[in-house]
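J.: Quick one: the structure is below, questions incoming.
The values are calculated or read from the model by the stated rules, or taken from the named source; none is laboratory data. Keep in mind the model is a prediction, meaning the values are calculated, not measured. With ideal geometry, Cβ positions are generated from the backbone for all residues, glycine too; neighbour counts draw on all protein chains shown.
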Amino acid sequence: MIEIQLSLPESVFSVTRSTPDQFVQELRIAAAVKWYEIGRVSQSKAAEIAGINRQAFLEALNRFEVSPFQVTPDELEEEITRD
């Protein structure tokens, strides 16, 4: 495993009302959700990046108001009308 070190002002933790460990976990989840949202990673890879299981990742998507489906409405309509 590779470790990455971030330098952050101490005020970040009081603003977010979190410990450094909680902040890092939330940062991982936020990055994974965003990368999933823009189609850069799959759900399973995003869950791995976030350090949580897929069920917890789906719950995080809901919390961040991101759809668990990576299909646009136009793609869905095309798929429905194709059959």
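J.: Do any residues in the stretch 1-27 that are closer than 24 Å to Ala60 by Cα and modelled with pLDDT of 90 or more have Cβ atoms under 9 Å from those of residues that are loosely packed, with under 12 Cβ neighbours inside 10 Å and not β-branched (Val, Ile, Thr), where the two are at least six apart or on different chains, and which pairs are they?
T.: Every condition considered, the pairs that remain are Pro20/Leu8; Phe23/Leu8; Val24/Leu6; Leu27/Leu6.
J.: Going through the stretch 38-58 one residue at a time, which ones are under 10 Å from the mean Cα position of the chain (by Cα) and farther than 26 Å from Glu3 by Cβ?
T.: Answer for the stretch 38-58, where residues must be under 10 Å from the mean Cα position of the chain (by Cα) and farther than 26 Å from Glu3 by Cβ: just Leu58.
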